[in-house]
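The values are calculated or read from the model by the stated rules, or taken from the named source; none is laboratory data. Quantities reported herein were computed from a predicted structural model and do not represent experimental measurements. Ideal geometry is used to build each Cβ from the backbone, glycine not excepted, and the neighbour counts take in all protein chains shown.
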Amino acid sequence: MVGGISGWQLLILLLIVVLVFGTKRLRNIGSDLGGAVKGFRKGMEEEGKDSPEQLAADPEARSTAADPTQDNEPARRPPGSDV
């Protein structure tokens, strides 16, 4: 029993969802949701790599994070400033 819903009620609900959406669409939704969760976790791990504790422990990471000349993109001009 989950939150006041019995096993039979969950089974009937699952059957209705499969009949409405179909197994192929449910499989696509599941894979899309899994990819989104994986991307979110990867982004959170990359965000954690630049934490102050890690920058203090790794001098190489500190030098690349603090050096603005490491940017490979050209400087952007504000709109309306044609040269």
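Listed values, structure above:
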| quantity | calculated |
| --- | --- |
| Residue count for the stretch 1-30, restricted to those that are loosely packed, with under 10 Cβ neighbours inside 10 Å and of a type in the set (Gly, Ala, Ser) | 3 |
| Test set (1) modelled with pLDDT under 60; (2) not in a loop (DSSP other than H, G, I, E, B) - residue 83 fails condition number | (2) |
| Residue match in the stretch 50-63 (condition: surrounded by 10 or more Cβ atoms within 10 Å (Cβ to Cβ), touching a Leu at 6+ places or on another chain (Cβ under 7 Å) and either assigned to a helix (DSSP H, G or I) or modelled with pLDDT of 75 or more (or both)) | yes |
